[in-house]
Amino acid sequence: METLKLSIWQLRELYKKKEVKPSEVVMSLIEEIYKKDKEIHSYLYINEKAIEQAKKVDEKIAKSENLRELEGIPISIKDNICTKEIPTTCASKILQNFIPPYDATVIERLKNAGAIIIGKTNMDEFAFGSSTENSAFGPTKNPFDLNRVPGGSSGGSTASVASNLCFASLGSDTGGSIRQPSAFCGVVGMKPTYGRVSRYGLVAFASSLDQIGPITKNVRDNTILLKIISGKDKKDSTSVNIEVPDYEKHLGEEIKNLKIGVPKEYFIEGIDREIKEKIFKVLKLLEKEGAIIEEITLPHTSYGIATYYIIATAEASSNLARFDGVKYGYRSKNYKNLFEMYTKTRGEGFGEEVKRRIILGTYVLSSGYYEAYYLKAQKVRTLIKKDFELAFEKVDVIITPTTPELPFKIGEKKDDPLKMYLSDIFTVNVNLSGLPAINIPIGFSLNKLPIGLQIIGNFFKEEEILKVGYVIEKNIKEEKYE
Ligand code: GLN
(Lines give C-alpha, C1' and ligand atoms only; values in the text may rest on other atoms or scores of the structure.)
Protein backbone atom coordinates (compact mmCIF):
# COMPACT_ATOMS: atom_id res chain seq x y z
CA MET A 1 0.00 0.00 0.00
CA GLU A 2 1.56 3.29 -1.15
CA THR A 3 -0.15 5.09 1.73
CA LEU A 4 2.33 3.54 4.16
CA LYS A 5 5.09 5.66 2.65
CA LEU A 6 3.33 8.92 3.46
CA SER A 7 4.32 11.32 6.17
CA ILE A 8 2.13 12.16 9.14
CA TRP A 9 0.81 15.37 7.71
CA GLN A 10 0.02 13.78 4.33
CA LEU A 11 -1.87 10.90 5.96
CA ARG A 12 -3.78 13.40 8.06
CA GLU A 13 -4.92 15.16 4.88
CA LEU A 14 -6.11 11.90 3.34
CA TYR A 15 -8.14 11.11 6.45
CA LYS A 16 -9.73 14.55 6.38
CA LYS A 17 -10.63 14.17 2.71
CA LYS A 18 -12.02 10.70 3.47
CA GLU A 19 -9.75 9.17 0.83
CA VAL A 20 -8.50 6.42 3.08
CA LYS A 21 -9.79 4.85 6.29
CA PRO A 22 -7.56 4.56 9.37
CA SER A 23 -8.62 0.92 9.81
CA GLU A 24 -7.43 0.13 6.27
CA VAL A 25 -4.11 1.78 6.97
CA VAL A 26 -3.65 -0.08 10.26
CA MET A 27 -4.63 -3.43 8.75
CA SER A 28 -2.27 -3.13 5.82
CA LEU A 29 0.44 -1.91 8.17
CA ILE A 30 0.06 -4.97 10.40
CA GLU A 31 0.05 -7.23 7.34
CA GLU A 32 3.20 -5.54 6.09
CA ILE A 33 4.89 -5.89 9.48
CA TYR A 34 4.15 -9.62 9.54
CA LYS A 35 5.64 -9.92 6.06
CA LYS A 36 8.63 -7.60 6.03
CA ASP A 37 9.61 -7.66 9.67
CA LYS A 38 10.44 -11.36 9.64
CA GLU A 39 13.78 -10.29 8.23
CA ILE A 40 14.30 -6.86 9.72
CA HIS A 41 13.00 -7.69 13.22
CA SER A 42 12.28 -4.12 14.21
CA TYR A 43 9.28 -5.10 16.36
CA LEU A 44 9.09 -7.06 19.59
CA TYR A 45 5.34 -6.71 19.93
CA ILE A 46 2.53 -5.88 17.54
CA ASN A 47 -0.57 -4.30 19.02
CA GLU A 48 -3.50 -5.94 17.28
CA LYS A 49 -5.93 -3.85 19.31
CA ALA A 50 -4.84 -1.01 17.04
CA ILE A 51 -7.43 -2.20 14.51
CA GLU A 52 -10.30 -1.64 16.96
CA GLN A 53 -8.98 1.81 17.78
CA ALA A 54 -8.67 2.68 14.11
CA LYS A 55 -12.27 1.61 13.50
CA LYS A 56 -13.41 4.14 16.06
CA VAL A 57 -11.58 6.82 14.09
CA ASP A 58 -13.30 5.54 10.91
CA GLU A 59 -16.61 6.33 12.58
CA LYS A 60 -15.48 9.80 13.59
CA ILE A 61 -14.42 10.52 10.04
CA ALA A 62 -17.68 9.16 8.65
CA LYS A 63 -19.53 11.57 10.92
CA SER A 64 -17.20 14.41 9.78
CA GLU A 65 -16.13 15.01 13.37
CA ASN A 66 -13.02 17.06 14.07
CA LEU A 67 -9.82 15.04 14.15
CA ARG A 68 -7.12 15.59 16.76
CA GLU A 69 -3.54 16.17 15.63
CA LEU A 70 -2.49 12.54 15.46
CA GLU A 71 -5.91 10.94 15.18
CA GLY A 72 -5.53 7.50 13.60
CA ILE A 73 -1.77 7.80 13.01
CA PRO A 74 0.10 4.55 13.83
CA ILE A 75 3.25 5.12 15.88
CA SER A 76 5.79 2.60 17.18
CA ILE A 77 7.40 2.90 20.60
CA LYS A 78 10.80 1.81 21.86
CA ASP A 79 10.34 -1.00 24.32
CA ASN A 80 11.74 0.89 27.32
CA ILE A 81 8.79 3.31 27.40
CA CYS A 82 5.91 2.08 29.56
CA THR A 83 2.67 1.35 27.74
CA LYS A 84 -0.43 0.40 29.71
CA GLU A 85 -1.53 -3.20 29.12
CA ILE A 86 1.17 -3.64 26.46
CA PRO A 87 4.38 -5.52 27.36
CA THR A 88 7.45 -3.36 28.03
CA THR A 89 10.52 -5.57 28.13
CA CYS A 90 13.56 -3.32 27.52
CA ALA A 91 14.59 -6.26 25.29
CA SER A 92 15.62 -8.05 28.47
CA LYS A 93 14.79 -11.49 29.79
CA ILE A 94 14.38 -9.96 33.24
CA LEU A 95 11.35 -7.95 32.08
CA GLN A 96 10.05 -10.47 29.57
CA ASN A 97 6.64 -10.72 31.22
CA PHE A 98 6.29 -7.17 32.46
CA ILE A 99 3.06 -5.43 31.51
CA PRO A 100 2.95 -1.90 32.94
CA PRO A 101 -0.26 -0.85 34.69
CA TYR A 102 0.23 2.71 33.46
CA ASP A 103 1.32 4.80 30.49
CA ALA A 104 4.46 6.93 30.37
CA THR A 105 3.61 10.62 30.12
CA VAL A 106 4.74 10.74 26.49
CA ILE A 107 2.35 7.88 25.68
CA GLU A 108 -0.48 9.61 27.48
CA ARG A 109 0.22 12.72 25.41
CA LEU A 110 0.34 10.78 22.14
CA LYS A 111 -2.93 9.08 23.00
CA ASN A 112 -4.55 12.40 23.93
CA ALA A 113 -3.58 13.59 20.46
CA GLY A 114 -5.31 10.52 18.99
CA ALA A 115 -2.23 8.47 18.02
CA ILE A 116 -2.46 4.68 17.72
CA ILE A 117 0.31 2.63 19.31
CA ILE A 118 1.07 0.05 16.65
CA GLY A 119 3.74 -1.87 18.55
CA LYS A 120 6.91 -1.94 20.61
CA THR A 121 10.30 -1.87 18.97
CA ASN A 122 13.50 -3.80 19.50
CA MET A 123 16.50 -2.23 21.22
CA ASP A 124 19.77 -3.03 22.95
CA GLU A 125 18.93 -4.51 26.34
CA PHE A 126 18.13 -1.59 28.69
CA ALA A 127 19.39 0.75 25.93
CA PHE A 128 23.00 -0.32 26.47
CA GLY A 129 24.57 -0.44 23.05
CA SER A 130 25.05 1.05 19.60
CA SER A 131 23.89 -1.75 17.32
CA THR A 132 20.70 -3.39 18.71
CA GLU A 133 22.70 -6.62 18.85
CA ASN A 134 22.41 -6.62 22.65
CA SER A 135 18.69 -7.44 22.55
CA ALA A 136 17.84 -10.64 24.43
CA PHE A 137 15.41 -11.40 21.59
CA GLY A 138 17.81 -11.24 18.65
CA PRO A 139 19.21 -8.34 16.63
CA THR A 140 17.42 -5.91 14.31
CA LYS A 141 18.84 -5.57 10.80
CA ASN A 142 19.51 -2.46 8.80
CA PRO A 143 16.76 -2.14 6.15
CA PHE A 144 19.32 -0.82 3.64
CA ASP A 145 21.59 -3.86 4.02
CA LEU A 146 20.42 -6.84 6.03
CA ASN A 147 24.00 -7.82 6.86
CA ARG A 148 24.53 -4.59 8.72
CA VAL A 149 23.34 -3.17 12.04
CA PRO A 150 20.68 -0.45 12.22
CA GLY A 151 22.64 1.29 14.98
CA GLY A 152 21.39 1.45 18.54
CA SER A 153 20.08 1.40 21.01
CA SER A 154 16.85 2.61 19.32
CA GLY A 155 17.62 0.49 16.23
CA GLY A 156 14.17 -1.13 16.18
CA SER A 157 12.51 2.28 16.14
CA THR A 158 14.69 3.73 13.39
CA ALA A 159 14.46 0.56 11.27
CA SER A 160 10.65 0.55 11.62
CA VAL A 161 10.46 4.17 10.42
CA ALA A 162 12.98 3.63 7.60
CA SER A 163 11.10 0.63 6.25
CA ASN A 164 7.68 2.31 6.46
CA LEU A 165 6.46 -0.12 9.11
CA CYS A 166 5.05 2.81 11.10
CA PHE A 167 4.58 6.53 10.50
CA ALA A 168 6.92 7.63 13.30
CA SER A 169 8.46 6.30 16.48
CA LEU A 170 9.61 7.37 19.93
CA GLY A 171 13.10 6.45 21.06
CA SER A 172 15.34 7.32 23.98
CA ASP A 173 18.79 8.87 23.87
CA THR A 174 21.29 8.65 26.72
CA GLY A 175 24.48 8.92 24.71
CA GLY A 176 23.30 8.93 21.10
CA SER A 177 20.68 6.20 20.94
CA ILE A 178 18.26 8.23 18.84
CA ARG A 179 20.76 10.06 16.62
CA GLN A 180 23.25 7.29 15.82
CA PRO A 181 20.64 4.72 14.64
CA SER A 182 18.79 7.51 12.81
CA ALA A 183 22.00 8.20 10.90
CA PHE A 184 22.44 4.49 10.15
CA CYS A 185 18.84 4.15 8.92
CA GLY A 186 18.47 7.47 7.08
CA VAL A 187 15.73 9.00 9.24
CA VAL A 188 15.28 12.19 11.27
CA GLY A 189 15.93 11.67 14.99
CA MET A 190 15.83 14.35 17.67
CA LYS A 191 17.27 14.31 21.18
CA PRO A 192 15.56 17.25 22.89
CA THR A 193 17.15 19.42 25.59
CA TYR A 194 17.39 17.69 28.98
CA GLY A 195 14.16 18.67 30.72
CA ARG A 196 12.14 19.38 27.57
CA VAL A 197 10.30 16.04 27.56
CA SER A 198 9.00 14.15 30.59
CA ARG A 199 10.71 10.86 31.36
CA TYR A 200 7.98 9.60 33.62
CA GLY A 201 7.47 5.99 32.55
CA LEU A 202 10.80 5.66 30.73
CA VAL A 203 12.76 2.78 32.24
CA ALA A 204 15.76 4.67 33.57
CA PHE A 205 19.25 4.03 32.22
CA ALA A 206 21.27 7.08 33.33
CA SER A 207 18.93 9.61 34.85
CA SER A 208 21.11 12.68 34.34
CA LEU A 209 21.42 11.93 30.61
CA ASP A 210 18.21 10.17 29.40
CA GLN A 211 15.80 11.96 27.08
CA ILE A 212 12.89 10.68 24.99
CA GLY A 213 12.61 12.01 21.43
CA PRO A 214 10.82 11.62 18.10
CA ILE A 215 12.12 9.55 15.17
CA THR A 216 10.42 10.47 11.90
CA LYS A 217 10.56 10.24 8.12
CA ASN A 218 11.15 13.97 7.76
CA VAL A 219 11.68 17.20 9.67
CA ARG A 220 8.06 18.38 9.58
CA ASP A 221 6.82 15.19 11.22
CA ASN A 222 9.51 15.66 13.86
CA THR A 223 8.20 19.11 14.76
CA ILE A 224 4.66 17.74 15.07
CA LEU A 225 5.63 14.94 17.46
CA LEU A 226 8.06 17.04 19.48
CA LYS A 227 5.43 19.64 20.23
CA ILE A 228 2.99 17.01 21.46
CA ILE A 229 5.40 15.23 23.81
CA SER A 230 7.16 18.35 25.18
CA GLY A 231 6.41 20.40 28.27
CA LYS A 232 6.33 20.35 32.03
CA ASP A 233 5.02 17.23 33.71
CA LYS A 234 4.42 17.27 37.43
CA LYS A 235 5.31 13.58 37.57
CA ASP A 236 8.90 14.32 36.44
CA SER A 237 10.67 16.94 38.52
CA THR A 238 13.43 17.27 35.92
CA SER A 239 10.98 18.44 33.27
CA VAL A 240 11.14 22.17 32.85
CA ASN A 241 8.36 24.72 32.74
CA ILE A 242 9.40 26.65 29.65
CA GLU A 243 6.87 27.46 26.97
CA VAL A 244 6.79 24.96 24.12
CA PRO A 245 7.01 26.78 20.77
CA ASP A 246 5.01 25.80 17.72
CA TYR A 247 8.03 24.18 16.08
CA GLU A 248 6.27 23.65 12.76
CA LYS A 249 5.84 27.40 12.35
CA HIS A 250 9.60 27.90 12.27
CA LEU A 251 10.03 25.67 9.22
CA GLY A 252 10.75 27.64 6.08
CA GLU A 253 12.31 30.54 7.95
CA GLU A 254 15.42 31.97 6.35
CA ILE A 255 18.85 31.13 7.68
CA LYS A 256 20.47 34.29 6.39
CA ASN A 257 23.26 35.43 8.75
CA LEU A 258 22.72 32.43 10.97
CA LYS A 259 26.07 31.48 12.47
CA ILE A 260 27.02 27.84 12.14
CA GLY A 261 29.99 26.53 14.12
CA VAL A 262 32.02 23.61 12.81
CA PRO A 263 34.20 22.16 15.58
CA LYS A 264 37.58 21.08 14.32
CA GLU A 265 37.76 18.26 16.90
CA TYR A 266 34.93 16.47 15.05
CA PHE A 267 36.77 16.17 11.76
CA ILE A 268 39.76 14.23 12.94
CA GLU A 269 41.57 11.38 11.26
CA GLY A 270 39.69 8.12 11.19
CA ILE A 271 36.34 9.56 10.22
CA ASP A 272 34.88 8.06 7.06
CA ARG A 273 35.90 10.00 3.95
CA GLU A 274 32.47 9.87 2.32
CA ILE A 275 30.77 11.19 5.47
CA LYS A 276 33.23 14.05 5.67
CA GLU A 277 32.83 14.98 2.02
CA LYS A 278 29.04 14.97 2.17
CA ILE A 279 29.06 17.20 5.25
CA PHE A 280 31.33 19.74 3.59
CA LYS A 281 28.97 19.78 0.60
CA VAL A 282 26.06 20.54 2.92
CA LEU A 283 28.03 23.33 4.59
CA LYS A 284 28.61 24.92 1.18
CA LEU A 285 24.93 24.70 0.46
CA LEU A 286 24.08 26.39 3.76
CA GLU A 287 26.55 29.11 2.94
CA LYS A 288 24.71 29.68 -0.33
CA GLU A 289 21.53 30.08 1.68
CA GLY A 290 23.18 32.92 3.58
CA ALA A 291 24.51 31.17 6.69
CA ILE A 292 27.91 32.10 8.05
CA ILE A 293 30.17 29.11 8.60
CA GLU A 294 32.83 29.43 11.27
CA GLU A 295 35.41 26.98 12.54
CA ILE A 296 35.17 26.62 16.30
CA THR A 297 36.94 24.61 18.96
CA LEU A 298 35.53 22.35 21.66
CA PRO A 299 38.82 21.47 23.34
CA HIS A 300 37.58 18.81 25.77
CA THR A 301 35.85 16.74 23.09
CA SER A 302 38.19 13.76 23.32
CA TYR A 303 37.42 13.19 27.00
CA GLY A 304 33.75 12.58 26.21
CA ILE A 305 33.69 8.82 25.77
CA ALA A 306 35.64 8.09 28.97
CA THR A 307 33.55 10.57 30.95
CA TYR A 308 30.29 9.27 29.55
CA TYR A 309 31.06 5.62 30.24
CA ILE A 310 31.90 6.39 33.87
CA ILE A 311 28.81 8.51 34.56
CA ALA A 312 26.40 6.41 32.50
CA THR A 313 27.48 3.11 34.04
CA ALA A 314 27.50 4.55 37.57
CA GLU A 315 23.90 5.72 37.20
CA ALA A 316 22.87 2.52 35.42
CA SER A 317 24.26 0.30 38.17
CA SER A 318 22.15 2.19 40.67
CA ASN A 319 19.01 2.31 38.49
CA LEU A 320 19.13 -1.40 37.74
CA ALA A 321 19.26 -2.37 41.41
CA ARG A 322 15.46 -2.48 41.34
CA PHE A 323 15.42 -5.61 39.17
CA ASP A 324 15.72 -8.17 41.93
CA GLY A 325 13.09 -10.78 41.19
CA VAL A 326 10.68 -9.29 43.73
CA LYS A 327 9.03 -6.31 42.11
CA TYR A 328 9.19 -6.97 38.38
CA GLY A 329 9.32 -9.69 35.78
CA TYR A 330 11.60 -12.67 35.89
CA ARG A 331 12.53 -14.68 39.02
CA SER A 332 14.92 -17.62 38.99
CA LYS A 333 13.35 -21.02 39.64
CA ASN A 334 16.28 -22.52 41.54
CA TYR A 335 17.34 -20.89 44.77
CA LYS A 336 17.85 -21.95 48.35
CA ASN A 337 17.59 -18.64 50.14
CA LEU A 338 16.84 -14.96 49.61
CA PHE A 339 20.40 -14.04 48.69
CA GLU A 340 20.52 -16.75 46.06
CA MET A 341 17.14 -15.66 44.73
CA TYR A 342 18.61 -12.20 44.05
CA THR A 343 21.89 -13.37 42.57
CA LYS A 344 20.41 -16.12 40.40
CA THR A 345 17.58 -13.91 39.16
CA ARG A 346 20.01 -11.20 38.13
CA GLY A 347 22.58 -13.68 36.84
CA GLU A 348 20.05 -15.43 34.62
CA GLY A 349 17.92 -12.39 33.75
CA PHE A 350 20.55 -9.90 32.58
CA GLY A 351 22.62 -10.20 29.41
CA GLU A 352 26.37 -9.82 29.17
CA GLU A 353 26.56 -6.12 28.36
CA VAL A 354 24.18 -5.28 31.20
CA LYS A 355 26.35 -7.20 33.65
CA ARG A 356 29.48 -5.55 32.30
CA ARG A 357 27.99 -2.12 32.91
CA ILE A 358 26.68 -2.93 36.37
CA ILE A 359 30.15 -4.12 37.36
CA LEU A 360 31.83 -1.08 35.82
CA GLY A 361 29.34 1.29 37.43
CA THR A 362 29.63 -0.31 40.85
CA TYR A 363 33.40 -0.14 40.60
CA VAL A 364 33.57 3.58 39.77
CA LEU A 365 31.18 4.32 42.64
CA SER A 366 32.94 2.16 45.21
CA SER A 367 34.67 3.85 48.13
CA GLY A 368 38.31 4.25 47.31
CA TYR A 369 37.64 4.70 43.59
CA TYR A 370 34.76 7.15 43.75
CA GLU A 371 36.98 10.22 43.80
CA ALA A 372 39.41 8.98 41.19
CA TYR A 373 36.70 8.06 38.68
CA TYR A 374 33.17 9.26 39.35
CA LEU A 375 34.01 12.60 40.91
CA LYS A 376 36.70 13.30 38.31
CA ALA A 377 34.26 12.44 35.52
CA GLN A 378 31.72 14.89 36.93
CA LYS A 379 34.37 17.62 36.84
CA VAL A 380 35.31 16.83 33.24
CA ARG A 381 31.61 16.83 32.39
CA THR A 382 31.46 20.46 33.53
CA LEU A 383 34.43 21.31 31.28
CA ILE A 384 32.75 19.68 28.28
CA LYS A 385 29.57 21.62 28.96
CA LYS A 386 31.53 24.87 29.29
CA ASP A 387 33.11 24.28 25.87
CA PHE A 388 29.63 24.32 24.37
CA GLU A 389 28.49 27.31 26.41
CA LEU A 390 31.46 29.31 25.16
CA ALA A 391 30.82 28.20 21.58
CA PHE A 392 27.17 29.25 21.76
CA GLU A 393 28.26 32.77 22.70
CA LYS A 394 29.59 32.97 19.15
CA VAL A 395 27.40 30.71 17.01
CA ASP A 396 23.71 29.78 16.77
CA VAL A 397 24.06 26.09 15.92
CA ILE A 398 26.88 23.57 15.58
CA ILE A 399 27.20 21.04 12.77
CA THR A 400 29.13 17.76 13.07
CA PRO A 401 28.93 14.25 11.66
CA THR A 402 26.50 12.09 13.65
CA THR A 403 28.75 9.04 13.42
CA PRO A 404 32.41 8.54 12.50
CA GLU A 405 31.56 5.66 10.16
CA LEU A 406 28.90 4.00 8.02
CA PRO A 407 26.65 1.21 9.39
CA PHE A 408 28.92 -1.68 10.29
CA LYS A 409 28.42 -5.41 9.77
CA ILE A 410 26.45 -7.48 12.25
CA GLY A 411 28.96 -9.15 14.58
CA GLU A 412 31.81 -6.80 13.64
CA LYS A 413 32.09 -5.14 17.05
CA LYS A 414 30.00 -7.33 19.26
CA ASP A 415 32.96 -8.92 21.03
CA ASP A 416 34.94 -5.71 21.34
CA PRO A 417 33.04 -3.39 23.68
CA LEU A 418 35.63 -0.62 23.47
CA LYS A 419 35.33 -0.46 19.71
CA MET A 420 31.55 -0.39 20.08
CA TYR A 421 31.74 2.44 22.63
CA LEU A 422 33.61 4.58 20.10
CA SER A 423 30.52 4.62 17.86
CA ASP A 424 29.19 7.30 20.21
CA ILE A 425 32.15 9.61 19.95
CA PHE A 426 30.17 12.46 18.31
CA THR A 427 26.96 12.11 20.30
CA VAL A 428 27.79 11.57 23.99
CA ASN A 429 29.03 15.10 24.71
CA VAL A 430 25.63 16.48 23.77
CA ASN A 431 24.02 14.36 26.50
CA LEU A 432 26.73 15.22 29.03
CA SER A 433 25.91 18.89 28.36
CA GLY A 434 22.12 18.48 28.23
CA LEU A 435 21.82 20.15 24.80
CA PRO A 436 19.35 19.36 21.99
CA ALA A 437 20.60 17.76 18.76
CA ILE A 438 19.14 16.17 15.67
CA ASN A 439 20.24 13.74 12.96
CA ILE A 440 19.42 14.82 9.42
CA PRO A 441 19.89 12.32 6.56
CA ILE A 442 22.13 13.81 3.86
CA GLY A 443 22.30 11.07 1.26
CA PHE A 444 24.04 7.79 0.68
CA SER A 445 27.52 6.35 0.38
CA LEU A 446 28.72 4.69 -2.82
CA ASN A 447 27.60 1.33 -1.45
CA LYS A 448 24.15 2.82 -0.77
CA LEU A 449 24.30 3.20 3.00
CA PRO A 450 22.68 6.22 4.67
CA ILE A 451 24.79 9.13 5.90
CA GLY A 452 23.72 11.52 8.65
CA LEU A 453 24.67 14.94 9.90
CA GLN A 454 24.20 16.22 13.44
CA ILE A 455 22.96 19.71 14.27
CA ILE A 456 23.46 20.73 17.90
CA GLY A 457 21.52 23.67 19.33
CA ASN A 458 21.65 25.83 22.41
CA PHE A 459 19.52 24.89 25.45
CA PHE A 460 15.78 24.79 24.58
CA LYS A 461 16.47 26.00 21.03
CA GLU A 462 15.07 22.96 19.25
CA GLU A 463 13.36 25.25 16.75
CA GLU A 464 16.75 26.48 15.51
CA ILE A 465 18.07 23.01 14.70
CA LEU A 466 14.76 21.98 13.14
CA LYS A 467 14.79 25.08 10.98
CA VAL A 468 18.32 24.37 9.71
CA GLY A 469 17.48 20.69 9.26
CA TYR A 470 14.51 21.66 7.14
CA VAL A 471 16.67 23.81 4.84
CA ILE A 472 19.05 20.88 4.33
CA GLU A 473 16.24 18.41 3.73
CA LYS A 474 14.55 20.69 1.21
CA ASN A 475 17.71 21.27 -0.78
CA ILE A 476 18.51 17.58 -0.87
CA LYS A 477 15.00 16.74 -2.05
CA GLU A 478 15.19 19.35 -4.77
CA GLU A 479 18.55 17.88 -5.74
CA LYS A 480 20.33 21.18 -5.44
CA TYR A 481 22.88 19.25 -3.51
CA GLU A 482 24.48 16.47 -5.56
N1 GLN B 1 25.43 3.65 22.69
C2 GLN B 1 25.49 4.35 23.93
C3 GLN B 1 25.63 3.37 25.05
O4 GLN B 1 25.82 2.24 24.78
C5 GLN B 1 24.29 5.19 24.10
C6 GLN B 1 23.12 4.44 24.50
C7 GLN B 1 21.90 5.28 24.64
O8 GLN B 1 21.89 6.44 24.23
N9 GLN B 1 20.89 4.71 25.24
O10 GLN B 1 25.58 3.70 26.19
Legend entry - Selection status of residue 133, assigned to a loop (DSSP other than H, G, I, E, B), within 16 Å of the ligand (Cβ to nearest atom), over 21 Å from residue 221 (Cα atoms) and among the charged types (D, E, K, R): yes
Inset, instruction - Give the residue that is nearest to the ligand (Cβ to nearest atom), with candidates limited to residues of region 286-301 that are assigned to a helix (DSSP H, G or I) and surrounded by fewer than 15 Cβ atoms within 10 Å (Cβ to Cβ). - result: 287
Inset, instruction - Grab the strands (runs of 3 or more DSSP E) fully contained in region 148-231, keeping just those with 3 or more residues being more than 12 Å from the ligand (Cβ to nearest atom) and in contact with a strand residue (DSSP E or B) (Cβ under 8 Å, 6 or more places away or on another chain). - result: 168-173, 211-216
Inset, instruction - Give me the pairs, please: first residue somewhere in region 113-137 and within 17 Å of residue 420 (Cβ to Cβ) and without any contact (Cβ under 8 Å) to a residue 40 or more places away in the chain, second residue anywhere and part of a loop (DSSP other than H, G, I, E, B) and within 11 Å of the ligand (Cβ to nearest atom), beta-carbon distance under 8 Å, and either six or more positions apart or on two chains. - result: none
Legend entry - In region 407-444, the residues that are among the hydrophobic types (A, V, I, L, M, F, W, C) and out of contact with any strand residue (DSSP E or B) (no Cβ under 7 Å at 6 or more places or on another chain): 418, 420, 422, 425, 428, 432
Inset, instruction - Any residue in region 398-427 that's under 15 Å from residue 275 (Cα atoms) and assigned to a loop (DSSP other than H, G, I, E, B): show its pairings with residues that are near the ligand (Cβ under 10 Å from one of its atoms) and of a type in the set (Lys, Arg) at Cβ separation under 9 Å, as long as the two are six or more apart or on different chains. - result: 402/179; 403/179; 426/179
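Conditions tested, residue by residue: (1) among the polar types (S, T, N, Q); (2) modelled with pLDDT of 95 or more; (3) on the phi > 0 side of the Ramachandran plot.
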| position | (1), (2), (3) |
| --- | --- |
| 372 | no, no, no |
| 380 | no, yes, no |
| 426 | no, yes, no |
| 443 | no, yes, yes |
| 466 | no, yes, no |
| 473 | no, yes, no |
Legend entry - Sole exception among (1) within 30 Å of residue 142 (Cβ to Cβ); (2) under 24 Å from the mean Cα position of the chain (by Cα); (3) surrounded by fewer than 24 Cβ atoms within 10 Å (Cβ to Cβ) for residue 103, by number: (1)
Legend entry - Among (1) over 19 Å from residue 214 (Cβ atoms); (2) in contact with a Ser or Thr (Cβ under 7 Å, 6 or more places away or on another chain) - the single one residue 435 does not satisfy: (1)
Legend entry - Matching residues in region 314-331 - criterion: being touching a residue at least 60 places away in the same chain (Cβ under 8 Å) and away from the ligand (no atom under 16 Å from the Cβ): 323, 328, 329, 330
Legend entry - Selection from region 461-482 of residues that are under 23 Å from residue 425 (Cα atoms) and assigned to a loop (DSSP other than H, G, I, E, B): 461
Inset, instruction - Could you check how many residues of region 302-326 are surrounded by 21 or more Cβ atoms within 10 Å (Cβ to Cβ) and more than 30 Å from residue 97 (Cβ to Cβ)? - result: 6
Inset, instruction - From (1) surrounded by fewer than 17 Cβ atoms within 10 Å (Cβ to Cβ); (2) touching a Gly at 6+ places or on another chain (Cβ under 8 Å), pick out the condition that doesn't hold for residue 84. - result: (2)
Legend entry - Single residue of 210, 236 found to be crowded, with 21+ Cβ neighbours inside 10 Å, modelled with pLDDT of 95 or more and among the charged types (D, E, K, R): 210
Inset, instruction - Among the candidates 311, 260, single out the residue that is part of a helix (DSSP H, G or I) and touching a residue at least 60 places away in the same chain (Cβ under 8 Å). - result: 311
Inset, instruction - Sort out which residues of region 429-450 are among the aliphatic types (A, V, I, L, M) and buried (at least 24 other Cβ atoms within 10 Å of the Cβ), and write them in order of number. - result: 430, 432, 435, 437, 438, 440, 442
Legend entry - Sole residue being over 27 Å from residue 148 (Cα atoms), at pLDDT 95 or above and either part of a loop (DSSP other than H, G, I, E, B) or of a type outside the set (A, V, I, L, M, F, W, C) (or both), chosen from 56, 38: 56
Inset, instruction - Kindly indicate whether any position in region 332-355 is within 16 Å of the ligand (Cβ to nearest atom) and under 20 Å from residue 425 (Cβ atoms). - result: yes
Inset, instruction - Taking residue 351 as meeting all but one of (1) small (Gly, Ala, Ser); (2) in contact with a Gly (Cβ under 9 Å, 6 or more places away or on another chain); (3) at pLDDT 95 or above; (4) surrounded by 17 or more Cβ atoms within 10 Å (Cβ to Cβ), write down the number of the exception. - result: (2)
Inset, instruction - Might you let me know whether region 48-60 holds any residue that is surrounded by fewer than 17 Cβ atoms within 10 Å (Cβ to Cβ), closer than 20 Å to residue 120 by Cβ and under 26 Å from the mean Cα position of the chain (by Cα)? - result: yes
Inset, instruction - Could you give me the residue pairs with C-beta distances under 7 Å whose first residue belongs to region 199-215 and is among the β-branched types (Val, Ile, Thr), whose second residue is assigned to a loop (DSSP other than H, G, I, E, B) and away from the ligand (no atom under 13 Å from the Cβ) wherever it lies, and which are 6+ apart or on separate chains? - result: 215/187
Legend entry - Failed item in (1) within 16 Å of the ligand (Cβ to nearest atom); (2) assigned to a helix (DSSP H, G or I), with residue 438 passing the rest: (2)
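The values are calculated or read from the model by the stated rules, or taken from the named source; none is laboratory data. Keep in mind the model is a prediction, meaning the values are calculated, not measured. Cβ sites come from the backbone with ideal geometry, for glycine too, and all protein chains shown count toward neighbours.
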